[in-house]
Amino acid sequence: MARMTTPHTIAVLGLGRMGGAIATRLAAHDRDVVGWTRSGRAAGSVKVTEDPREAVARADLVVLALFDGPACRQVLDEVRDALPADAIVLNTSTVAPAEASALARQFGPSYVHAPVLGSVPSAAAGALQILAAAERSALDRIRPVLETLGTVRHMDDAATAAALKLIANNGLAGAVLALRDALRQADALGLPRTQTLDVLELGGLGALVARKRPFLLDGPAAAPAEFTIGALAKDMALLAAASDTPLRSAAGLADTPAAPEADFAVAATVPAVPAAVLAPLRAYLRGHATGDPAHFRGAFLPSAHIEGIREGAFVSWRLDEYCALFPGRPAPDEPARTRRIDAVDVHGTVATATMTLAHGADTFTDVFLLVRVDDGWRIANKAYHRHS
Ligand SMILES: NC(=O)c1ccc[n+]([C@@H]2O[C@H](COP(=O)([O-])OP(=O)(O)OC[C@H]3O[C@@H](n4cnc5c(N)ncnc54)[C@H](OP(=O)(O)O)[C@@H]3O)[C@@H](O)[C@H]2O)c1
């Protein structure tokens, strides 16, 4: 007959940032905790073993705090036949919805999928928000343990809990990328970093700025990472793949030059788009401002085409045809015209860019494909839409 008592002997598999904090807190709250982690590293004063099968052999509860779905699968495959028949598996790792439901199917009613909101300080303080999907009886049995770690929110099923966890982290990723934009713009305007952070702390990104100020001032070495760029990038890649719907933050974080082991806040400090990528875009802007086609010849590859819909029909100009449209002097209303670069995304030797040009009654959206050739970046092609 299954034990109905609250689990006392707990194995924690994965003693990284979260697993270490979870194991430490449970041990401090009178649970008999034994930890295991792949690297063999210690977690405070938590008792550890080098054999995950030994860790689970006597446990009534097995807590997973592993990097991703494949790590969960690998570790569970290794310990599966050493698990006591009535042990509950509590998975706090952030994994894909499909991975979560596959584990729930495989382990049945003894599996609790419970991704958590909140980082290392919340785990240490028992202030996590726990999105727990489980059969009522399993959840009731482990509730006192979960309540030592934070607040329990009951989810309909494992896939829903996993998906909502990814959605929650998209909020974090969006905030980091918004902060990156703010810091880049401030740098471009020559504003001092400390003063910029002081003012940002008063606004919508205030909580993030206050918590992460050391990383925003001094970079990755400022303090130990609590949640890494690699883990957040993993989550956004899982979200974009699960939804099959474009997600800017997935690409934005994947391209971060800082080490994946750096705290995620460091992703807000990556420098602006390199000037070399902007050079052909700025030459293109000068072409419009002066009406001198020489700037376009410097901006585009000779093979470029300029394409769009004109009066209902698709038109594709060669570069020569495009240059011939410009008279060599500014348009009469040039002082009233405005242009801005909206977005540039660099992926190694290729990039995309978008610009908005307000020319009299017409506003154009220009979409560029750029390539890095031997002597620098060039626009390979441009497509445009005219909003009248
Ligand atoms: N940190 C946070 O603020 C936070 C908050 C909420 C949720 N999460 C999620 O919680 C999970 C753990 O995050 P974390 O920040 O603690 O990550 P972490 O510090 O990188 O720790 C990851 C753990 O997974 C283990 N691991 C990785 N790959 C493995 C594999 N193939 N086989 C066996 N073990 C493997 C590591 O083992 P070794 O290092 O010993 O080799 C380590 O114990 C992740 O899913 C993360 O997305 C993190």
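What the table shows:
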quantity: Residue, nearest to the ligand (Cβ to nearest atom), within the range 149-183, restricted to residues that are among the β-branched types (Val, Ile, Thr) and in contact with a helix residue (DSSP H, G or I) (Cβ under 6 Å, 6 or more places away or on another chain); calculated: 176
quantity: All positions within the range 347-371 that are more than 13 Å from residue 281 (Cα to Cα) and under 30 Å from the mean Cα position of the chain (by Cα); calculated: 347, 348, 349, 350, 365
quantity: In the range 302-342, the residues that are of a type in the set (Gly, Ala, Ser) and surrounded by 13 or more Cβ atoms within 10 Å (Cβ to Cβ); calculated: 304, 308, 331
quantity: Exclusive hit being under 25 Å from residue 371 (Cβ atoms) and at pLDDT 95 or above, set 207, 275, 289, 242; calculated: 289
quantity: Residue selected from the range 117-145 under the condition of a type in the set (Val, Ile, Thr) and in a helix (DSSP H, G or I), by the criterion nearest to the ligand (Cβ to nearest atom); calculated: 120
quantity: Flag if residue 245 is buried (at least 18 other Cβ atoms within 10 Å of the Cβ), of a type in the set (Val, Ile, Thr), without any contact (Cβ under 8 Å) to a residue 40 or more places away in the chain and outside any helix (DSSP H, G or I); calculated: no
quantity: Those residues of the range 153-172 which are within 18 Å of the chain's Cα centre (by Cα) and not aliphatic (A, V, I, L, M), in sequence order; calculated: 165, 169, 170, 171
quantity: Selection from the range 2-26 of residues that are within 12 Å of the ligand (Cβ to nearest atom) and in a strand (DSSP E or B); calculated: 12, 13
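The values are calculated or read from the model by the stated rules, or taken from the named source; none is laboratory data. As the structure is a prediction and not an experimental result, all values here were calculated from the model. Please note: Cβ atoms are built from the backbone with ideal geometry, for glycine as well, and neighbour counts cover all protein chains shown.
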